[in-house]
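Shown next, in structure tokens, is the structure this report addresses.
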Amino acid sequence: MAESRKLAFDWDDPNMAHIARHTVTPTEAEQVISGASLPLETEERAGEERRAELGATAKGRLPIVAWTWRRRKIRVVTAFPANRKWRALWRRLRKGETDA
């Protein structure tokens, strides 16, 4: 049986405080990245590749989480609740899964 590896996250006061201002918790951000999320975009910024993903939390919230790799850990750069457009896309995609 293959051993699953837990993703390592890089949290500190500045990035936790930043996402808290957007009403997202570190646990919610980790759930999006670790779960069945929808990759939105990848861009080069400040010399690193940043990824944005949309996903559901255990409580049913839909945040967008932007993150990058730093020292072999996932560093959440920002996270915020999805707007109406992204929530509608998520619902359409989820409906398509149940119709299949």
Query raised in the report: Does residue 6 fit the bill of being in contact with a helix residue (DSSP H, G or I) (Cβ under 8 Å, 6 or more places away or on another chain), without any contact (Cβ under 8 Å) to a residue 60 or more places away in the chain and open to solvent by 60 Å² or more (accessible area, probe 1.4 Å)?
Result: no
Report task. Give just the number: which of (1) in contact (Cβ under 8 Å) with a residue 24 or more places away in the chain; (2) closer than 22 Å to residue 13 by Cα does residue 68 not satisfy? Result -> (1)
Query - Scan of segment 11-39 for residues that are modelled with pLDDT under 95 and buried (at least 16 other Cβ atoms within 10 Å of the Cβ), ordered by number - result: 37, 38
**Report entry** Answer from 47, 55, 96 - the residue that is open to solvent by less than 60 Å² (accessible area, probe 1.4 Å) and free of Cβ contacts under 8 Å to residues at least 24 places away in the same chain
**Finding:** 96
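The values are calculated or read from the model by the stated rules, or taken from the named source; none is laboratory data. Only a predicted model underlies this, so the values are computations on that prediction, with no experimental measurement involved. Cβ atoms come from the backbone with ideal geometry, glycine included; neighbour counts cover every protein chain shown. Side chains are part of the model used for accessible areas, which takes the heavy atoms of the whole protein and leaves out ligands, DNA and RNA. Shrake-Rupley method; radii C 1.70, N 1.55, O 1.52, S 1.80 Å.
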